[in-house]
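Step one of this worksheet: look at the structure below.
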Amino acid sequence: MNRIFSSAIMRLTVLYVIVLACVCLLFSSFIYALASNEIEQTSRRQVVGFRGALGRFIIDEVESEELRKIEANEARARLKSKLLLGNLAVIGIGALLSFRFAKKTLAPVEDSLRAQERFTSDASHELRTPLASMRTEIEVALRDKKLSANDARELLASNLEEVLTLQSMTDNLLSLARNRELGDKKLIELDRLMAKLVKKHQQRAKKQSMKLVVDVEKIKVYTNANALSQLISILLDNSLKYAGKESTIQLAARKVGDRLHVNVSDDGVGIPVAELGSIFDRFYKSDVSRTNSRIKGHGLGLSIAKQLTDALGGTIRADLARKNKGIVFTIELPLL
Amino acid sequence: MRLLLVEDEYKIANALARGLSSEGYAVDIARNGDDGLAAALNDPLDLVVLDRMLPGGYDGIAIVRQMREQNIMTPVLMLTAKDAVSDRVAGLDAGADDYLVKPFAFEELLARIRVLTRSSDQKESTPELRYGGLTLDLKSKTALRGLDRIDLSLKEFTLLDYLMRNPEIVLSKQQIIEHVWNYDADILPNTVEAFIAMLRNKIDKPYPDESYLQTVRGFGYKLERQVK
């Protein structure tokens, strides 16, 4: 991978230098032709002027012509060496700049390739793990000659769980891959939409002994209702998953200027500051969720949330809550 | 033979442990990197099956590197769901002996474990251990004395397997417990005596002219051919 890029950079540099050298050569030979012509004429003029001023002396025509030629040749040689030196300097500096330039040109390509690689590697891990679970469980069960009906039932239940994981991951991946075409926008009553949404999550919060506090202004928003509810759902779901027991989740929405601000915050475990930047990356999972195998997530929800926000013409960001406890998601959407 | 399985995926770990136990291995499970490292460094193990991605401070690479740095040369079979060449190379370079990409066939895992635990003087293709007129077939888990096939229970097999891998060496009861039973098993020295007695009944008793299982008073046991 690294080798590919360093060789590409070298090749690009060489190409730039060759182009530069050709241009220099062309330009130099043009200048040389022009300048030697000039030298020729100037020296002739000088000889004529010389004769005029020193008319009394009789100078051998042939001798003066020789002298002139020698001088002109010397001038040409000086020009040549100067041009050569100049060319070398230009090509030298050019090579250095070309290298820098090539590196800069390829940097985004390299970045995107690395991101692609990371994605493939993460995706293969996330997709293979449930498959590995199923395969090992099935193979081990099949080797057991005294497998009871009860064992078989347990095996099937466990396999079904993995199938469901794979299914939701497939759905999410496809949803991310699809170019999101939002349906029609409509004028909706925000508090109503949120109330419907919250109802679903309220039950889950109760079950996990968490609190869900809602504070939504009564405003009308011109937007796509489905996308907005999916977006809020993802954030609430995320908090319910990771905030932990006894934590409080807050959903707030209000009008600020001509924008709608939606906040979803919790006072849960939070994540390290350094990881805030990658939280919307596909397959990103904080170490907290990796350590806790009870949490079923594969790090695609927030990527989808980001994509939905983009499609709705808004922005989303994540910050640490006060005293570094929990995370605050802030969405800004146009009201109209 | 005692294996340490370091794997954070709950289901994979359980299924593997179950499958390996039914093959006669004593299996310890560590579910995160820190526990895995502690066990790998301190327990008497015959093989470590190590997942590459682990929660906690140590991943598979770090664990195997630590083991090798401390001169613990227990064979390590690394498991991973990442199959990029660079991933595999990193694992092997860190000191792993083999690499298996998930999802793998359980049969293949067993075969690779057999290869990794094969002693250096046992290179033939058939998976068996031999000492004197005693042969242990690792695949069918039966013993052979001459031409007589002797069926063994799983624990008897594991016990004989351990003895045959260390022929003519005195093994204490504690050593036997550590290599034949896993960490969770609460085994008393008496249990070892009982199992040795059962094994002796099968492989020595019917053959009065030649015995293999020797008791070394005050120390333990030894596999050694003695002609009477």
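What follows draws every value from the coordinates through simple rules; no lab data is involved. Quick caveat, the model's predicted, so the values are computed rather than measured. Counting neighbours? That spans all protein chains shown, and the Cβs are built from the backbone with ideal geometry, glycine included.
Shown here for region B:137-224: GluC sites (Glu not before Pro) in loop regions (DSSP other than H, G, I, E, B) with at most 12 other Cβ atoms within 10 Å, namely B:168.
Using only Cα atoms, tell me the angle between helix B:33-42 and the longest principal axis of chain B; keep it within 0 to 90° and round to the nearest 10. Helix B:33-42 sits roughly 40 degrees off the main axis of chain B.
Using +1 on the beta carbon of Lys and Arg, -1 on that of Asp and Glu, and nothing else charged, what's the dipole of region B:55-186 about the Cα centre, debye to 20?
160
Rounded to the nearest 20, the size of the Cβ-charge dipole of the protein assembly as shown about its Cα centre is 1600 debye, with Lys and Arg at +1 and Asp and Glu at -1.
Assign one of three labels to the protein assembly as shown, namely rounded, prolate or oblate, based on the Cα gyration tensor with a ≥ b ≥ c the square roots of its eigenvalues; rounded applies when a/c is under 1.5, prolate when it is not and a/b is larger than b/c, and oblate otherwise.
Numbers: a/c = 4.02, a/b = 1.57, b/c = 2.57.
The shape class here is oblate.
Straight-distance candidates among the lysines for linking to residue B:205, with alpha-carbon spacing under 23 Å and chain neighbours fewer than 8 residues away dropped: B:141, B:155, B:173, B:222, B:228. Helix screen, chain A: DSSP H segments with Cα axial length of 27 Å or more and mean Kyte-Doolittle hydropathy at least 0.5 are A:2-53. The alpha-carbon of residue A:82 sits under 27 angstrom from the alpha-carbons of these lysines, leaving out residues fewer than 8 places away in its chain: A:69. Peptide B:80-90 has a mean shielding of 3, counted as Cβ atoms of other protein chains within 10 Å of each residue's Cβ. Measure nothing but the geometry: give the 0 to 90° angle between the long axis through the Cα atoms of B:189-203 and the longest principal axis through the Cα atoms of chain B, rounded to 10°. Tilt of helix B:189-203: around 60 degrees.
For chain B, the longest principal axis of the Cα atoms and the long axis of helix B:85-94 meet at an angle of about 50 degrees.
Note on residue A:207: lysines with a C-alpha under 29 Å away, same-chain residues under 8 apart excluded, are A:196, A:199, A:218, A:241, A:245, A:285, A:296, A:306, A:323, A:325, B:11.
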